[in-house]
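Single-structure report; data block below.
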Amino acid sequence: MQLFAYNQVGRPDELVIWVGVMGVLDPPSVTFKIAGVDHVKPKNSTGSFELLGDGQQSNHRAIFIFDWPATSERFPVEITCGDKTVYLTSKRPPLQLPTSGEASFNLLLSSCYYQPNDKTQQNFAWLVKQIKPVPDFTLLAGDQVYLDLPSLQNLPKDKTALAQTLGKKYQMNWFSSQLSQPGLADVLAHGPVLCIPDDHEYWNNYPYFQAQLTNTHSEKDRNNWRNAAMLLYQRYQMAPIQKNGFFRQDIEPLSMLFIDGRSARDDKDNLMFTQATIDAIKQWTTDLLNRKAANLAAVGLLSSGQALLVEKPSFLSSRLADMEMANFQDFKIVEAALTQLIQAGVPVIYITGDVHWGRIIEGRNKNGQVMLYEVIASPSRLIDTIGKDQKSYVENKIQTTRGNVRPFPYHSDPPEQVPDIKLANLDFAIKHRQTGDHVALLRFNRIPGGITLAVDYYCTDPDENKRTLYTQTIAPIKITSLN
């Protein structure tokens, strides 16, 4: 039997522990030691195991909900099931950001992890463990798994066999420590953790047909894949509080809203969001405006699985490559919310991954006040791309002979120009560009009228020299809603 556990996000009064077991038809009972207290009982009775959805009758998961222990410090959690024990740590999110001069609130932003390319001794999880301070909150912002890669894999048509094939990719990432291989297990070991999905939780440019993926060529096959992938996402990644497509966390003066813009997408270019998510966007907007009207500091943070400040692809490009949020009709709801906030003097930070490069863009109003920051971190481990990689290899060889070596020849470079985007009449400027494998640590503090934000880009390349050269801090960024 294999055992793994991690702390998912929950309601403000809930410590949520996800427990998974593999290789046993009837899971043994689970016991918990939390913050040094033995045999802590969950609030939801004993929890109940259900199949992980990976086509195996011997693999299960259960959700256990507890009260937070009476400490504001990071604390250990020990989970025992049968003869197996695993350990994790967590820290309750504060009600307010720490003031300037105190230890910051630290959010780890990571996206786009391709496990087959994480085979070195200094693997991704090992490198994340070296980050100091330890993250208080971990956001995996899409593409935690690549169910559609390699592109030429021969996926089975049978539903059960398909679930087993796709489920193995989750098993390698979630149970990686237990399987003695690289993966996400140690990244998930310090909670709370929030996962939001993007297309590779399903398939590239989901839910649209993809020529290179034969299992998307018929509606029946697309439905089989969608159903298997959605169940795996729900059982492995989605916390109970995310069931309506969003998660809200307020740490004054910061109001954070994380939305799933992928799972509910249609293939008619209309909808990305559930009605509950649309309502949450509107409520988030109203709450921030009310704080501003009450002369209280208010800063919004919004996150989804795709970038905000990217130009809308043409119809052909959106089908052959990727649909962006701007291709969908209900993106207007996001645009309207941001415009309303910015025009009212409420600044917003947007964070995401997806695009396989990192970037910070600053938006200022006509008075020169900072009103928008977009922070992108992607990828943590780059995928293989047939054709493009071979072309990049040849080009790099040629450039090397000319003394012009690209440090990350298989990665795309962030655009050098500001995107042609009109949003709330802001003037945009690129403040930082990041290439290569990386994550970002966002460090927040409270100041009169708003917050300060520092962004540490940690290069996660296996090469130590590259990590030294391309790990950088962009700070401090002052973001205020009150003068």
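The values are calculated or read from the model by the stated rules, or taken from the named source; none is laboratory data. Because the structure is a prediction, the values reported are computed rather than measured. Cβ atoms come from the backbone with ideal geometry, glycine included; neighbour counts cover every protein chain shown. Note: areas computed on protein heavy atoms with side chains; ligands, DNA, RNA excluded. Shrake-Rupley method; radii C 1.70, N 1.55, O 1.52, S 1.80 Å.
Just one of [x] -1.01, -1.43; [y] -1.03, -1.26; [z] -1.11, -1.53 is log10 I(q)/I(0) by the Debye sum over Cα atoms at q = 0.12, 0.14 Å⁻¹ calculated from these coordinates, so which is it? Label [z] holds the value from this structure. Please label the shape of the stretch 358-471 as rounded, prolate or oblate, based on the square roots a ≥ b ≥ c of the eigenvalues of the alpha-carbon gyration tensor (a/c under 1.5 means rounded; beyond that, a/b larger than b/c means prolate, else oblate). It comes out prolate by the Cα gyration axes.
Give the range of the longest stretch in the chain that excludes all trypsin sites (Lys or Arg not before Pro) found in loop regions by DSSP and having at most 15 other beta-carbon atoms within 10 Å. Working shown, then result.
On the way: sites that count: Lys43, Arg74, Lys119, Lys157, Lys243, Lys268, Lys366, Arg402, Lys422.
Formally, the longest exposed-site-free interval is 269-365.
Which residues in the stretch 417-448 place their backbone N less than 19 Å from a point set 7 Å from the Cα of Asn404 along the Cα-to-Cβ direction? Hits in the stretch 417-448 for Asn404 at 19 Å: 417, 435-436. Computing FRET efficiency as 1/(1 + (r/R0)^6) for Asn244 and Thr339, where r is the C-beta to C-beta distance and R0 is 30 Å, gives about 0.75. When the helices in the chain are scored as -39500 (n - 2.57) per DSSP H run of 4 or longer and the sum is shared across all residues, what 222 nm value do you end up with, to the nearest 500 deg cm²/dmol? Using -39500 (n - 2.57) per qualifying helix, the result is -6500 deg cm²/dmol.
Using 0.36 nm per residue and subtracting the Cα-Cα separation, the extra length available between Gln329 and Glu311 on full extension is 5.0 nm. How charged is the neighbourhood of Ala429? Take every other residue with its Cβ under 13 Å from the Cβ of Ala429, and add Lys/Arg as +1 and Asp/Glu as -1. Neighbour charge sum, excluding Ala429 itself: 0.
Can you send over the carbon and sulfur percentage of the accessible area for the chain, probe radius 1.4 Å, protein chains only? Show your work: numbers first, answer last.
Working: 10100 of 20010 Å².
Solvent-exposed carbon and sulfur of the chain make up 50 percent of the total.
Backbone N atoms of the stretch 269-292 closer than 19 Å to the 7 Å Cα→Cβ label point of Leu95 belong to residues 288, 291-292.
Remark on Leu372: its backbone amide H falls under 5 Å from those of Val348, Gly363, a criterion applied only to residues 5 or more positions apart or on other chains, H modelled at 1.01 Å from N.
Once fully extended, how much extra length lies between Lys129 and Ser151, figured as 0.36 nm per residue of separation less the alpha-carbon to alpha-carbon distance? Numbers along the way, then the final one.
Details: separation 22, 0.36 × 22 = 7.92 nm, distance 3.11 nm.
Stretched fully, the Lys129-Ser151 segment lengthens by 4.8 nm.
Across the stretch 145-275, the mean sequence separation of Cα contacts (distance under 8 Å, 6 or more residues apart), normalised by length, yields a relative contact order of 24 percent. Taking every protein chain into account, the accessible area of the stretch 384-483 amounts to 55 square angstrom per residue (probe 1.4 Å). Can you bin the stretch 229-346 into rounded, prolate or oblate? Criterion: square roots of the alpha carbon gyration tensor eigenvalues sorted a ≥ b ≥ c, rounded for a/c under 1.5, prolate for a/b above b/c, oblate for the rest. Oblate.
Taking label positions 7 Å along the Cα-Cβ direction at both Thr385 and Glu50, the computed distance is 3.7 nm, reported to one decimal.
Counting pairs of alpha carbon atoms under 8 Å apart in space and at least six apart in sequence, what relative contact order in percent does the chain give?
Details: 1097 pairs, mean separation 71.7, N = 483.
About 15 percent, as a whole number.
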